[in-house]
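**Q** This is the structure I have questions about; it appears just below.
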Amino acid sequence: MMALQVAKDRLPTYAHVYSPRKFTQPQLFACLVLKRHFKLDYRGIVALLADMPTLCEDIRLKSVPHYTTLQKAAHRLLGAEKGTFYFFWGQKRGQKRGHSTFSD
């Protein structure tokens, strides 16, 4: 899945040193891309992932994240402000973060 690969190139694997290590940030980002693509809410994307194990395999998920995990990841990765998409297109890890508009 392209979203997973792009996220791996641009996001740190975990949000902080003491992250639970259950899901990586790129995996959660890929789930958020699917949520957006299928125009679902958080519970909807969790249900879709639970019903489609091959999709989970593509994202390399060992289990389906809880919807609140995705909500927190969206807040962290997409920014607190609705419509601000904090993703570093064209930048690699370690470079200064930029942001661009990404409406919801």
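The values are calculated or read from the model by the stated rules, or taken from the named source; none is laboratory data. Keep in mind that what you see is a predicted model, and the values were worked out from it rather than measured. Positions of Cβ are generated from backbone atoms using ideal geometry, with glycine treated the same way; all protein chains shown enter the neighbour counts.
**Q** Provide a single number: the residues in segment 1-35 that are without any contact (Cβ under 8 Å) to a residue 40 or more places away in the chain, outside any helix (DSSP H, G or I), crowded, with 18+ Cβ neighbours inside 10 Å and of a type outside the set (S, T, Y).
**A** Residues meeting the conditions: 0.
**Q** Given the criteria of a type in the set (G, A, S), modelled with pLDDT of 95 or more and assigned to a loop (DSSP other than H, G, I, E, B), does S63 qualify?
**A** yes
**Q** Now for a different question. Which residue out of A50, A74 is among the aliphatic types (A, V, I, L, M) and modelled with pLDDT of 95 or more?
**A** A50
**Q** If you go through segment 1-38, how many residues are at pLDDT 95 or above and on the phi > 0 side of the Ramachandran plot?
**A** Count: 0.
**Q** Which residues, counting only those in segment 36-48, are loosely packed, with under 13 Cβ neighbours inside 10 Å, charged (D, E, K, R) and over 15 Å from T68 (Cβ atoms)?
**A** K39
**Q** Could you list, ordered by first residue, the pairs with Cβ atoms under 7 Å in which the first is in segment 58-73 and on the phi > 0 side of the Ramachandran plot and the second is surrounded by 19 or more Cβ atoms within 10 Å (Cβ to Cβ), at least 6 apart or interchain?
**A** R60/Q27
**Q** Looking at segment 49-67, can you tell me whether even one residue there is among the small types (G, A, S) and loosely packed, with under 12 Cβ neighbours inside 10 Å?
**A** Within segment 49-67, one or more residues are among the small types (G, A, S) and loosely packed, with under 12 Cβ neighbours inside 10 Å.
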